Structure formats: C-alpha cells, structure tokens
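The values are calculated or read from the model by the stated rules, or taken from the named source; none is laboratory data. Since the model is a prediction, treat every value here as computed from it, not as a measurement. Cβ placement follows ideal geometry from the backbone for every residue including glycine, while neighbour counts extend to all protein chains displayed. Surface accessibility is based on the protein's heavy atoms, side chains included, excluding ligands, DNA and RNA. Shrake-Rupley method; radii C 1.70, N 1.55, O 1.52, S 1.80 Å.
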Amino acid sequence: MKKKTYPTEVLDVTIKRITPEGYGYVKHIHPPERGSNGRGLTINVTNVVPGDVVRVTIPNAKGRRKAVVEYDELLQPGPTRNLDIPTHEAVSGGTPLQYMKYAAQLEYKMDMVKTYLQEKDFDISVVKPIIGMDEPNRYRNKMELTFGPNGELGMHQQGNFRRVIDLEDSILAPQIMVDVKHTISKWQKDYDLPGYEKTTQEGLLRNLLMRYSFATDELMIILYVTEGPGKYQAAADDLVTRLTTQFKNLVSLQWVEHASSAERIQADETFILHGRDYINDELNGFKYRIWPDTFFQANPIQAEKLVELALEMADVNEDMRVLDLFCGVGTFSLPLAKMSKDLAGIEIVENSIISARRNAKDNGLDNTFFMTSDARQGLIDLNDVWGHPDLLVLDPPRSGAGGKVMRSIGRFGTDKVVYISCSPKSLADDLTWLRDFGYELITVQPVDQFPHTTHVECVILMKRSGLEDEK
C-alpha cells in the first residue's frame, strides 16, 4: 500500500534553542484532524540562533516526524544574532554558531558543560567560567576541504553530506589558506580537472589538506587524488610553479593517491612534489614535527592554555612520575616531562609513538618512556616495564575513554587524575566511573577551543576522596 503524502507547507517558526549538533530546534504541532492531539513535527533549521523568527518550507509536512531545512527568509533576528555576518549566503556545516554573538556562544557552551555534568549528579559549582578567545577568528592551523563534482572546493553543507559549498572565505582559516584555496581552484579550472563524484566513484580530485604553523611560518599543502601524477605531470609541474612562486614559505607539497571508495583519507602512495613530507611547529616552547596524518591541536592559542591548565592542576614537581594516557605525539607529555622526574606515554597509534619519541629527543628530554598499546592493556603492562606513576593525565578522543578504560584507571589508583576532554557528554559519562572508585570532582575549567562550532574543551581535576585538596 502506497504511503500517503501530504502537501508542502510554509511555516513561520521561532527558534527555541540550539541543539548540541548546531541546529535550531523547533517543535511544530499540526492542528488535529480528529480527537484532541495534533501530529508533532520536529524541525531542525541550519544557520540560526535562539529567538530567530524564520520562514521555512517543509515538503510532506504532516507525513513526517522531523525535518532538516534551511530557512527561506529571516523574518526577525533573535537577540543574540550577530548582524555583521551576512544572512543570505550559504555556509558550510563547519561553523554552525557563526551567526551567534561570541559572548552568547560562550554562554551556550558553558550551559552545555553544566547540563551534562548535572545530568550525572555532579556538583556544577566547581565549573569555572569558560576561557574564550580575544580574537575568535582565523585560528585554525589545519583545514581540510572537499572537491565537489561541479568545480566546488569547500566544506559540506550542514545536514547534507552530498553538497559541497564552495569556499570564498572562511571565519576559521588564516588568510594564507584562503589564498591557497583560490590558487588551487583556478589551477583546477585551467586544466579542467574533475572533482570526485561519490555516487559514481569517478573523478580525480578528492580533498585538499592544508597545515600552517603560526610559530614557524611553514606551510604544507596536500592533494588527495584517485590517481598518481603520471598522466597529469604537466598540470602537477605547473601547480608546483604556481604555489612556490606565490607562497615562499611552502615547505611541503604532496600528491597523495587515494583510490579506494572509502571516505576516510588514506594514502595508497605519496608523491613529494616539493620540499619534505613534514613541517615544523611549536607549542608551549616545544618543537614538533607534523606529518599529514599527525594529530596536533588545531587551535594553537587555546591549546597552549589547555597545556598550562593541565600543568597547573597536575601540580607536577621534579620528584613525581607521570603517566600520559592517549599521549599522541606528546603535546602534554613533553611539558609534563620537563617538570617531572619521569614520564610514560601510552598511545595505540604506532606512528604517533614514533613521533613522540622523536619529539622528545628533538627537545632534549631523556626522562620519557613511550609505549604502543591500547589504554587498558597499557595500564596493565606499565607496572612491569616502567613502574607506577603518581599522577595520571588523559586526553582521549571525542568519544571518550569509555567505561572499561575508566574502570581500569580507577583500579590503577593514582591519587590524582587530570582529564582533558573535547566532549562534555563523554566527559560526564566517563567521570561517573571514577566517582564509583572514590574520586571526587575538584575543578572543571571549560575552554573554547573551537569558536563558531558547538565543540567545547574542558580540563578537569579529580582526587581520591580523603586526600587533602586545595580547591
């Protein structure tokens, strides 16, 4: 039996709040056809702020429970809307809060942190005011753009992974990255090189990755393509000429073949068109080598604050032994090692451990021990191969450490735990496990690491109950 469809409706709605995904939330109730209850429709609207009154068009409005839409017209701006940002231009999904005044963004993120902690019955009086940015624009040292099938080069539209919005400018990217984008777009057009079409799995150009060090002024540009440069040699040679002429600080230009249909960027073969395969960067006075796939904090200004906060909460001294779980390439490990007697780092990604060891050597540190292992097994093996630390620091991925790892940390039993989080929801979930092992939440310091997005970082300190604390 064919499902009944209903007419398209044009609705004027008021945005009630912004969801954790960055959508404006509206609940519309259709008048009941019979009885007393009307059919409910959840509407998620892109690029809005609370209080905005917008006109939206909903196909098959009564026949669906939810819809994700762009608004047709802004009828009345909400009180927190930043009217300096044009409202008529389509923007990508990377900056869902860019229409919101920055002070309101910070308040939104503070509320998010408190809400998730309160839901798990934590005392939110320990949450300190969020640390924002003095200049919350053009802060990223890494940008990844997608080539569209019709000549676009930009980011995906919020809620629509199939549409790529061509990037003219970016509130996130430093000007040098915007200039690189336009140079490569013109080069693509001049040589009529097709962007990759996900549906048909045809086309050459897939992604553009740019890394730029604010500290060393070194620039890296990576093209991810479906074929090697062989039959495109003339175009590749011209690209080298264009980019090296315009960007004297370009130290790494790579053509990376990625032929499979998998969305995750990976290298089948790498061709160095110019320079070397890494750039040098610095954070908190320490030097790091950054490769295309290296995880490194994308906002160096706020990342330095995260490290300083972690060191302050850890209260490390030269008699302490410290464990850095999920240590990556050593962003927190190196500063901790400099202030402590010994440091151990555990990370499951072998390349990151290789980088961490190299970074420790480059910075003259000889008191570090890095091992490749998943977090749970690493905690088991560490006592035998290195010993027991006085302090445990962890910076897990956005999904959190998870209950099994957190229970292992609880059994591991350091007096203090410093947790660096990039997701308040997974943070609250993880901390409940430590509470079950007698740990008390002492301090929560939110940090706005990514302005104009819904993400918020936190640095937290937990101590085992019964220990003398210094709140």
Across (1) assigned to a strand (DSSP E or B); (2) without any contact (Cβ under 8 Å) to a residue 24 or more places away in the chain, Val54 clears everything bar (2)
Give all pairs with beta carbons closer than 9 Å in which a residue from the range 419-444 that is at positive phi meets a residue that is open to solvent by 10 Å² or more (accessible area, probe 1.4 Å) and polar (S, T, N, Q); count only pairs at least 6 apart in sequence or on separate chains.
Gly438/Ser465
Report yes if some residue within the range 429-436 is open to solvent by 20 Å² or more (accessible area, probe 1.4 Å), of a type outside the set (D, E, K, R) and under 21 Å from the mean Cα position of the chain (by Cα); otherwise report no.
no
Take the range 303-350 and flag every residue that is in a helix (DSSP H, G or I), in contact with a strand residue (DSSP E or B) (Cβ under 7 Å, 6 or more places away or on another chain) and open to solvent by 20 Å² or more (accessible area, probe 1.4 Å).
Glu304, Lys305, Leu309, Met313, Glu350
Which of the numbered conditions does Phe296 fail, given that it passes all the others? Conditions: (1) over 16 Å from the mean Cα position of the chain (by Cα); (2) under 24 Å from Val251 (Cα atoms).
(1)
Which one is least open to solvent (accessible area, probe 1.4 Å) among residues in the range 57-90 that are part of a strand (DSSP E or B) and polar (S, T, N, Q)?
Thr57
Being part of a loop (DSSP other than H, G, I, E, B) and aromatic (Phe, Trp, Tyr) is the filter; apply it to the range 94-133 and report the residue that is most open to solvent (accessible area, probe 1.4 Å).
Phe122
Being under 28 Å from Asp277 (Cβ atoms), touching a Pro at 6+ places or on another chain (Cβ under 9 Å) and assigned to a loop (DSSP other than H, G, I, E, B) narrows Arg211, Arg138 down to just Arg138
I'd like to verify a number: residues in the range 366-381 that are touching a residue at least 40 places away in the same chain (Cβ under 8 Å) and touching a strand residue (DSSP E or B) at 6+ places or on another chain (Cβ under 6 Å), how many?
3
Looking at Thr372, is it in contact with a helix residue (DSSP H, G or I) (Cβ under 6 Å, 6 or more places away or on another chain), of a type in the set (Ser, Thr, Tyr) and open to solvent by less than 50 Å² (accessible area, probe 1.4 Å)?
no
Among the listed residues Asp448, Asp395, Asp430, Asp415, which satisfies the condition of being among the acidic types (Asp, Glu) and over 20 Å from Tyr116 (Cβ atoms)?
Asp415
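Residues checked against (1) among the polar types (S, T, N, Q); (2) in contact (Cβ under 8 Å) with a residue 12 or more places away in the chain; (3) more than 23 Å from Ala298 (Cα to Cα):
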{"position": "Met133", "(1), (2), (3)": "no, yes, no"}
{"position": "Pro136", "(1), (2), (3)": "no, yes, no"}
{"position": "Tyr139", "(1), (2), (3)": "no, yes, no"}
{"position": "Gly151", "(1), (2), (3)": "no, yes, yes"}
{"position": "Ile176", "(1), (2), (3)": "no, yes, no"}
{"position": "Gln188", "(1), (2), (3)": "yes, yes, yes"}
{"position": "Lys198", "(1), (2), (3)": "no, yes, yes"}
{"position": "Glu202", "(1), (2), (3)": "no, no, yes"}
{"position": "Arg211", "(1), (2), (3)": "no, yes, no"}
Among residues of the range 375-402, those that are open to solvent by 30 Å² or more (accessible area, probe 1.4 Å) and not in a loop (DSSP other than H, G, I, E, B), counted
7
Report whether or not Ala215 is under 23 Å from the mean Cα position of the chain (by Cα), modelled with pLDDT of 95 or more and not basic (Lys, Arg).
yes
Log entry, pairs with first residue in the range 225-249 being farther than 23 Å from Pro149 by Cβ, second being surrounded by fewer than 16 Cβ atoms within 10 Å (Cβ to Cβ) and of a type in the set (Lys, Arg), beta carbons closer than 9 Å, six or more apart or on different chains, reads Arg242/Lys186
Looking for something modelled with pLDDT under 95, open to solvent by 70 Å² or more (accessible area, probe 1.4 Å) and closer than 22 Å to Ser355 by Cβ - is there at least one such residue anywhere in the range 247-263?
no
If Tyr232 satisfies every condition in (1) more than 21 Å from the chain's Cα centre (by Cα); (2) part of a loop (DSSP other than H, G, I, E, B) but one, which is the exception?
(2)
So which residues in the range 278-302 are open to solvent by less than 60 Å² (accessible area, probe 1.4 Å) and among the aromatic types (Phe, Trp, Tyr), if there are any at all?
Tyr278, Phe286, Tyr288, Trp291, Phe296
Do any residues in the range 254-283 that are more than 30 Å from Arg162 (Cβ to Cβ) have Cβ atoms under 7 Å from those of residues that are basic (Lys, Arg) and open to solvent by less than 70 Å² (accessible area, probe 1.4 Å), where the two are at least six apart or on different chains, and which pairs are they?
Tyr278/Arg289; Ile279/Arg211; Asn280/Arg289
